[in-house]
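Just so it is clear, none of the values below were taken in a lab; they were calculated from the coordinates. What you see is a predicted model; the values in this text were computed from it and never measured. Neighbour counts are summed over all protein chains in view; Cβ atoms, including those assigned to glycine, are modelled from backbone coordinates with ideal geometry.
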Amino acid sequence: NAGVTQTPKFRVLKTGQSMTLLCAQDMNHEYMYWYRQDPGMGLRLIHYSVGEGTTAKGEVPDGYNVSRLKKQNFLLGLESAAPSQTSVYFCASSWLAGVGETQYFGPGTRLLVL
Amino acid sequence: AQKVTQAQTEISVVEKEDVTLDCVYETRDTTYYLFWYKQPPSGELVFLIRRNSFDEQNEISGRYSWNFQKSTSSFNFTITASQVVDSAVYFCALSDNNAGNMLTFGGGTRLMVKP
């Protein structure tokens with residue numbers, strides 16, 4: 001049982017390049033989330049998904065797109081990377097949708113945009 | 001709107017000292033949950049505790065304890081007899097009745113425990 005895994009662990013992009021971050025969970029969780037972590041700001045929600053085939057915007061969605069074609073996978077895409085997207089990206093999942101459901105996090109992906 | 005404030009950005013203690021990490025939250029909801037997560041130097045986020053708004057009993061787990069006080073909107077975390085392995089960034093987070101079950105995080109407190 002690997003929990004939540006993220007690929008890649010680290011990536012360097014040039015401004016304008018595109019990339020996709022992959023999140024996978026093997027806990028059969030319904031909800032999945034993408035957060036970004038910036039110094040001194042904690043984590044902020046980018047997008048989330050309440051189930052296969054559905055996605056919704058979080059607090060800071062601009063510049064990102066997501067897809068959830070399979071229940072266990074949640075992809076985060078950057079179509080045209082900008083230096084402001086340099087951050088650490090965390091994927092999380094939770095079993096149910098109710099208030100207070102514990103979210104379990106992946107190990108993070110460190111992205112540097114030059 | 002919901003908000004979580006961790007006023008202490010960095011704390012440094014010597015091993016075996018007790019240390020308290022402060023967390024103050026804001027929400028308009030009467031039903032909400034509070035969390036603490038630990039982020040060790042390796043970078044992952046480790047879930048520590050979840051507490052709902054209707055349960056104000058303090059909780060103790062080994063050297064860790066949590067003090068929830070609705071009257072002051074605080075959910076403080078105390079480590080007793082700190083150890084070097086406790087060195088990490090600790091995040092307090094709030095989940096209330098918002099769309100998406102979003103967690104609102106505080107800015108984190110970096111704890112350094114020196115031998």
The exposure ranking of A:SER49, B:SER65, A:SER93, fewest beta-carbon neighbours within 10 Å first, is B:SER65, A:SER49, A:SER93
Using a simple charge model, +1 on the beta-carbon of Lys and Arg, -1 on the beta-carbon of Asp and Glu, nothing else, what dipole does chain B show about its Cα centre, in debye to the nearest 20?
100 debye
Before anything else, pin down the relative contact order of chain A: Cα pairs under 8 Å, at least 6 apart, normalised by residue count, whole percent.
36 percent
Given unit charges at Cβ for Lys, Arg (+) and Asp, Glu (-), the dipole magnitude of the range A:1-81 about its Cα centre in debye, nearest 20, is 200 debye
Using θ = phi - 60° and the Karplus relation 6.51 cos²θ - 1.76 cosθ + 1.60, list the HN-Hα couplings for the range B:106-115 in order, rounded to whole Hz, with x at every Gly or Pro.
x, x, x, 10, 8, 9, 10, 10, 9, x
Neighbour-count order for A:GLU30, A:GLU79, fewest beta carbons within 10 angstrom listed first
A:GLU79, A:GLU30
Which of the chymotrypsin sites (Phe, Trp or Tyr not before Pro) across the range A:33-114 are loop residues per DSSP, with 14 or fewer other Cβ within 10 Å?
A:TRP95
Relative contact order (%) - chain B, alpha-carbon pairs under 8 angstrom, separation at least six:
38 percent
How well do other chains shield peptide A:30-39, expressed as the mean number of their Cβ atoms within 10 Å of each residue Cβ?
2
Quick check: pseudo-label points 7 Å beyond the Cα along Cα→Cβ at A:ASP38 and B:ASP22, how many nm apart are they?
2.5 nm
Low-density loop positions, trypsin sites (Lys or Arg not before Pro), the range A:23-114 - DSSP coil, at most 12 other Cβ in 10 Å:
A:LYS70
Using Cα-Cα distances under 8 Å and only pairs 6 or more residues apart, what relative contact order does the range B:36-77 have, in percent?
23 percent
For the range A:16-114, evaluate the Debye formula with one uniform point scatterer on each Cα (no solvent term) and list log10 I(q)/I(0) at q = 0.11, 0.20 Å⁻¹, rounded to two decimals.
-0.29, -0.96
Rounding to the nearest 20 debye, state how big the charge dipole of the protein assembly as shown is about its Cα centre with +1 on each Lys and Arg Cβ and -1 on each Asp and Glu Cβ.
600 debye
Once both labels are modelled 7 Å past Cα along the beta-carbon direction, what's the A:SER84-B:ASP55 spacing in nm?
4.1 nm
